[in-house]
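To start, the structure itself, in structure tokens.
Read-outs: derived from the displayed coordinates by stated rules, not from any lab. Since the model is a prediction, treat every value here as computed from it, not as a measurement. When we count neighbours, we look across all protein chains shown, and the Cβ atoms used for this are built from the backbone with ideal geometry, even at glycine.
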């Protein structure tokens, strides 16, 4: 898989140029249908040739020649960061985000910018100005969002690894629906410099890959302190692929109450896999689990409204309210309403109090165990184009928003299929304990 390909490129058995050309051919073949990409990097082959030259000189590059797809809300110099919106449809980035600088420094090739829910507002991949993304593993179903194109590009074998952003499940939700691996890091592990915000106190950039090694090596490269982002932590990650022997892994009894019975049944099978690998499984209670969703969305609306005030049509692009889709406008208007002085205490400040309550509850639960395992979404992805009420759409995030509210890491591994639709399993850990999540993802992934 990713590790073996990396060794081939380093040993010059496969060139970076050939790797890029192979993926360009697959994009040409598949992407008219899947619509995972908004823009392809026309300089990718030339950039790959330069990587091959560096390899010949003996440079040891951690990502030598691996091909990355990038969510279209992360700035890549010379490519459009559209946020899948008419607002920024012609905005060409003038600089690289920190994560992009770090990828390029280690020999990664950026093949293009991926589709997404407009301004990351969505859980389905259907709200893009450039049209919906299809799920390569279940083409009648949504791929999940908002990092829909990144997950679909990996699942459709159109890149080695992709970057997405995760505000309340936007990496993990599509990773689960598309049957791939994805990880939202601890808040502050990865620089947000160059990320176009949805909600700055919740957003994190993270990797999506076809295997756990790809997630681990990408996170090693993009993680670590950045002087340009004062929320980053002075910590440099390093990961290995180990087992879960002697881990204590918890699950909450409340999960069963909110999940489709078929999903919960597959989740229990996942727990048995972990138990067979040497983990101890225990039951806990998270009584405030369902309070996470309203708290998350109230905070999301307010922070998104604030973040969009710069899209006024004066400096670049169009005025957002004049050209955006329904979901983006809904969040702007609700955020504006909640932000008003007379309503701030009633809604926003109360949401912040619940956020603290939820953070304390999950951290207390994690203090006695290594990981908390859960399903990823409470229901199967709906059919592409099916009309879903906004509140029903928001419910996709009920099991994922907790990690963002608490600032803890969370990862997803493919688990099984229900009626040919991929279903994943989620792992959450204490801050900066991504290694334990990677080990659990590896333990489940070995079964594939």
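Some values worked out for this structure:
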read-out	value
Pair residue 235, residue 319: separation of 7 Å Cα→Cβ label points (nm)	4.4 nm
Efficiency of FRET from Cβ geometry, residue 101 and residue 391, R₀ 60 Å, rounded to 0.05	0.90
Packing-based order for 424-435, 89-100, 163-174, 182-193, using average beta carbon neighbours within 10 Å, highest first	163-174, 182-193, 424-435, 89-100
Potential extension, residue 157-residue 53 segment - 0.36 nm per residue separation minus Cα distance	34.9 nm
Fraction of antiparallel bridges per DSSP, the stretch 66-204 only, in percent to nearest 5	25 percent
Residues residue 264 and residue 344, FRET efficiency given R0 of 30 Å [Cβ-Cβ distance, rounded to 0.05]	0.20
Cα-based convex hull, the stretch 105-179, per residue volume (Å³, whole number)	89 Å³
Relative packing of peptides 291-302, 261-272 - highest average C-beta neighbours within 10 Å first	291-302, 261-272
Packing-based order for 283-290, 416-423, 367-374, using average beta carbon neighbours within 10 Å, highest first	367-374, 416-423, 283-290
Per residue Cα convex hull volume in Å³ - calculated over the chain	131 Å³
Whole-number D in µm² s⁻¹ for the stretch 68-223, Kirkwood Cα-pair radius fed into Stokes-Einstein, 37 °C, 0.692 mPa s	224 µm²/s
The chain - share of DSSP beta bridges that are antiparallel (%, nearest 5)	65 percent
Where only alpha carbons of the stretch 158-311 are counted, the Rg and the Dmax (Å)	17.6, 52
Spin-label model distance (nm) - residue 326 vs residue 225, 7 Å beyond Cα toward Cβ	4.8 nm
The stretch 251-357: Cα Rg divided by the 2.2 N^0.38 Å rule of thumb	1.56
